[in-house]
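To start, the structure itself, in structure tokens.
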Amino acid sequence: MAKVRVSSEPFDLAAERAALTDGRADVGALAMFVGVCRDEGGALVALELEHYPGMAEAEIARVAGEAEARWPLSGLTVIHRHGRIRTGEDIVLVVAASAHRDAAFEAVRYLMDWLKVAAPFWKKEIRADGGAGGWVAAKSEDDAATAKWRG
């Protein structure tokens, strides 16, 4: 069963990796994705991420369960942060463990594609110039990325 966490606290990559692999001889591949807050060419100093508590965790767990049903995974961790995330800080972590690399790679890509469109998080820009930051709009590329996983 996937480990899912939504937190305002930073995550520790080494600790999360160790939690999936320590003492395990069946893990032959570990794929990881870390999403980082970027500054959009110097325009941003942070993002303010809001979420719907309970619903966010449930939706992430649902999608993680789909990944576990699709690929032979020996472990899966998904952590998404909320609150004020400064540029350069980590926002999201997906780690998949499997006996083979293809399953781990595909599961991570699947989860990230779906998290971008299905997880109930809202991002507001905190601008470097002090101007009013807007809410980050959904992107058509994200919808297109999930289309390949349907059917």
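Quick look at the values:
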{"read-out": "Conditions (1) under 17 Å from the mean Cα position of the chain (by Cα); (2) loosely packed, with under 14 Cβ neighbours inside 10 Å; number of the one not met by residue 23", "value": "(1)"}
{"read-out": "Test: residue in the stretch 56-68 that is in contact (Cβ under 8 Å) with a residue 12 or more places away in the chain, assigned to a loop (DSSP other than H, G, I, E, B) and not β-branched (Val, Ile, Thr)", "value": "no"}
{"read-out": "Residue identified as surrounded by fewer than 19 Cβ atoms within 10 Å (Cβ to Cβ) and either more than 19 Å from residue 11 (Cβ to Cβ) or of a type in the set (Lys, Arg) (or both) among 90, 113, 102", "value": "102"}
{"read-out": "Every residue from the stretch 112-151 that is within 21 Å of residue 64 (Cα to Cα), touching a Phe, Trp or Tyr at 6+ places or on another chain (Cβ under 8 Å) and not polar (S, T, N, Q)", "value": "112, 113, 114, 120, 122, 149"}
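Each reported figure results from applying straightforward, stated rules to the coordinates on display, with no laboratory input. Quantities reported herein were computed from a predicted structural model and do not represent experimental measurements. All Cβ positions, glycine included, derive from the backbone under ideal geometry; neighbour counts span all protein chains shown.
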